[in-house]
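The values are calculated or read from the model by the stated rules, or taken from the named source; none is laboratory data. All of these numbers come straight from a predicted model, not from anything done at the bench. Glycine gets a Cβ as well: all are built from the backbone with ideal geometry, and neighbour counts include every protein chain shown.
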Amino acid sequence: MTPPSGLPTTAVVSVELAALLAESAERGVLPSALALARRLGIANTTLRRNFPETVEVLTKHRQTDRSTPTLAAPPNHIQNLELENRKLRTRNRELTEQVALASSQIQQLSLEAHQLRTELHQRTAVATISSPRK
């Protein structure tokens, strides 16, 4: 059966699948049907509809990769990143609290300044000039 116009051939799909699997293994990520579809320049649903056996190969490959976990980085590096992440989250929380406190202080100072300005105008008998009549 000849593929419809605009669809890659089965041979092209097989070559791109092999390249995707090799690249995914090299980078330590799981291959996906979406990544293959993007490489082929077609929609994900088009790939799934027209090449179901290729998608099945990808699915089996993903399941195999998940059942045999491999660490891309040594645990020491991962633990360091988790520790740094916790420190950054704590620092972020502290800074957020400080910003909230500063904001409320600014609001309080604005209210006090307005009140003092009003009181000053009343004590010095300053007349408020209204808008001109038309």
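Numbers below:
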{"read-out": "Matching residues in region 10-54 - criterion: being in contact (Cβ under 8 Å) with a residue 40 or more places away in the chain and farther than 22 Å from residue 64 by Cα", "value": "10, 50"}
{"read-out": "Any hit, region 118-134, residues being exposed (fewer than 10 other Cβ atoms within 10 Å of the Cβ), under 27 Å from the mean Cα position of the chain (by Cα), basic (Lys, Arg) and modelled with pLDDT under 90", "value": "no"}
{"read-out": "Every pair of residues 6+ apart whose Cβ atoms lie under 8 Å, when the first sits in region 89-114 and is free of Cβ contacts under 8 Å to residues at least 60 places away in the same chain while the second is loosely packed, with under 10 Cβ neighbours inside 10 Å and of a type outside the set (Asp, Glu)", "value": "none"}
{"read-out": "Residue count, region 10-36 (criterion: crowded, with 18+ Cβ neighbours inside 10 Å and closer than 19 Å to residue 63 by Cα)", "value": "6"}
